[in-house]
Amino acid sequence: MRRVIRQSNSQKQLDTEAVQATAPAARTAPRPGPSHLLTAALLAAVGLSIATTGCRDQKGDGQPASRAHTGKRDRPHANKTVYVFDDGVKIARDGRIFTHVSLDDYEERNPAWDGKMIRLGGARGETVAFQIVFRAGPEALPAVDVQLSALRQLPSIQDSGPDRRPTIDAGQFARFRQWYVKVTRPSTSPRQSTGPGEYPDALIPADVPEHGLPVSVAANQWQGVWIDLTIPRDAAPATYRGTAIARSRDTELAHFDVTLEVYNFGLPKQRHLRWRVGYGGFGDSLNEYENIGYHPVCGKESAAFRAREAQLYRLAWSHRLAPTTHYSTPFPTHSGTGANLRIDWSTFDRRFAGYLNGSAFASGVPLDMFSLPVNLHSSGGWPSGTRQKLDDLDTAAITTAVAQTARHWRDRGWPIKNTFIYASDEPGADRYEVLDAACKAIRRGNRDVPISIAFYTEFGDHAAELVKRFTGCVTMWDIAGDYMNLPALAGRQAAGDTVGFYQGSEPFQGSEALDADGLSLTTWPWIAWRYRLDTLFLYNMVEWSYFRLNKRTVPWRDLPRDIWINPLNQSWQTNSQGVLVYPGHRIGYKGVIPSIRLKQVRRGMQDYEYLWLLAQKGHRTQADAVARQIIPKALHEAAAGWGGPHHGLGSWQRDPRRWAEARRKLARAITQ
């Protein structure tokens, strides 16, 4: 079942878990349900005037005001060629910042640029990021790149200790060329697009031949370089200093000091907020694009597919996301039916055990969310499904499969609490009877395995009755953010069930579409902390196939079906929805390419750990107060009702400087 939003009126940082390498309206609009380049580090200059046409002015508290901004540059700085920005903004190909507010003087001072040097700060084990943006004048800028030195510890009265390194190698930087995708039809589902234009999103590692760095900048255009810096876990808590040089071929365009403050605490390896994201269609896409063998039965997929899947898992997990197969769960090798069903786990374990025990990841931390092979929704369901008639439901097979699965997890020492059975995706009332029978069959096999059902429009006004009806069946409540009636779930959460939201629209949560602002997906973990949620859920990250365009006649149906150049990938008006990574075959890369949106996710998930660390020191009230300053209202508190009639601009802070201030406040409190 596919979602609709009802609207009215209207290879280093690419895979940090692997061995690191130098790298580079008033009508219904359908949408998917949950189912569904550079040398090293920083640079700086100043100059970009900020607003996007149609954006809004900023009130003193960093929230949207009602008066529309003119979108003009206040200070063009025509003589400037290189600019530094933080990771909370998207800079258009024409130099605009895609934003809903006026970011006055942002080119002069922002979280990564204090007007004199590049300034960064972070915990041990954290990845911080910033952008170097080149501006070409009437003539093109050939072969631009960024060169970074190692960062050396400044003299300090604090003893760094024998086990702390005094230098952070230049190899800790990862550089990416920003790739731009042109938006011609702003997204209406989800809403709150920041308008048409060329958006940076895909991040091509610097060492990808011909497509990474250096890159030439056409006349009168801008080109961004994204830079990640992973702070070593053995770095001494101190201030470090280095340099950054921006070049065009052999010409030095800018030379800057770079300062990094390493805080006196480490970011936990363990994720204290669980965010799962699907990769449905990944195998089919690889088969279509590169003739890589894929099969839904474990053991029949090719070794090449398993290698690509492993790269996807490592990339996602390094950004604190757990990939799950809830819409395309592979079947284990099995024989028999009903109570005689028998599972052979050898090929399943060959494919997935490394993710479940952590051995596939350099961190050694196993996944904290995993979709079990018993899946009653995916591909018709296995060993039986809830999208069929009650009389056709094989309850004996479900019970047997669940019992064998729970036993296998126990024997391997994998926590069953970190798994789930996906029972249904946004079911209608006509499927409730089948779901009742399926849930009973699951519970006969094991009473501890979590059961997930995703609820959409029905949950807003009918939450109380749905909670009553599915208590005892559902233990993992996944609710669309714009229908999240959280008070109705308070009792279930107190009883031990988990509660979380999936994609919706503002003002309830940030958008996942390409043409949202630079903070949209970062809002999700903050909202989760603000409302004490347990999980987050994004339906897909590899929505490259355009298969839904075959279902409707829309003006963009015949456009090229290439997510690198055409973001209109759905049958409703949205841009690059369900895309956090890009297929690497187009640029000759054997793997997936990260995006700025994926970096937004990481930023929010790292912020969540700051909040968690402060709470662990006994200051939960202080952490909550900071979260309220950033997210005054969201989810059920964001509007007087649910869904489309109440879509509008979210109330959270829109100026990334406010977010950076909050982050520094948390860091100071943690170290006190």
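The values are calculated or read from the model by the stated rules, or taken from the named source; none is laboratory data. Values in this document were obtained by computation on a predicted structure and should not be read as measured data. All Cβ positions, glycine included, derive from the backbone under ideal geometry; neighbour counts span all protein chains shown. Side chains are part of the model used for accessible areas, which takes the heavy atoms of the whole protein and leaves out ligands, DNA and RNA. Shrake-Rupley method; radii C 1.70, N 1.55, O 1.52, S 1.80 Å.
Annotations
- Secondary structure note: in the chain, about 65% of the DSSP beta bridges are antiparallel.
- Taking a Cβ cut-off of under 12 Å around Lys599, the surrounding Lys, Arg, Asp and Glu residues balance to a net charge of +1, with basic ones at +1 and acidic ones at -1.
- Around the Cα centre of region 307-464, unit charges on the Cβ atoms of Lys, Arg, Asp and Glu (plus for the first two, minus for the last two) sum to a dipole of about 700 debye.
- Where GluC sites (Glu not before Pro) fall in DSSP loop in region 563-672, at most 10 other Cβ within 10 Å: none
- Computed about the Cα centre, the dipole magnitude for the chain is approximately 560 debye when only Lys and Arg (+1) and Asp and Glu (-1) carry charge, each at its Cβ.
- The value of relative contact order for region 457-505, using C-alpha pairs under 8 Å at least six residues apart, is 44 percent.
- Taking the inverse of the mean 1/r over every pair of distinct Cα atoms in region 191-239 gives a Kirkwood hydrodynamic radius of 14.7 Å.
- Peptides 137-149, 216-228 ranked from most to least packed by the mean count of surrounding Cβ atoms within 10 Å: 216-228, 137-149.
- Sequence of Asp448, Asp234, Asp114 from largest to smallest accessible area, 1.4 Å probe: Asp448, Asp234, Asp114
- For region 515-600, alpha-carbon Rg relative to the globular expectation (2.2 N^0.38 Å, N residues): 1.25
- Each Lys or Arg adds one and each Asp or Glu subtracts one; over the other residues with Cβ under 11 Å from the Cβ of Gly278, this totals -1.
- Contact order relative to length of region 607-672, as percent, for alpha carbon pairs under 8 angstrom and 6 or more apart: 40
- Carbon + sulfur, % of accessible area of region 498-623 - ligands and nucleic acids excluded, 1.4 Å: 49
- Where the Cα pairs of the chain fall when distances are cut into 10 Å bins, in %: 3, 16, 27, 28, 18, 7, 2, 0
- Square roots of 5 times each gyration tensor eigenvalue, C-alpha, region 248-300, largest first, Å: 42, 27, 9
- Filtered trypsin sites (Lys or Arg not before Pro), region 436-527: DSSP coil and at most 14 other beta carbons within 10 Å: Arg447
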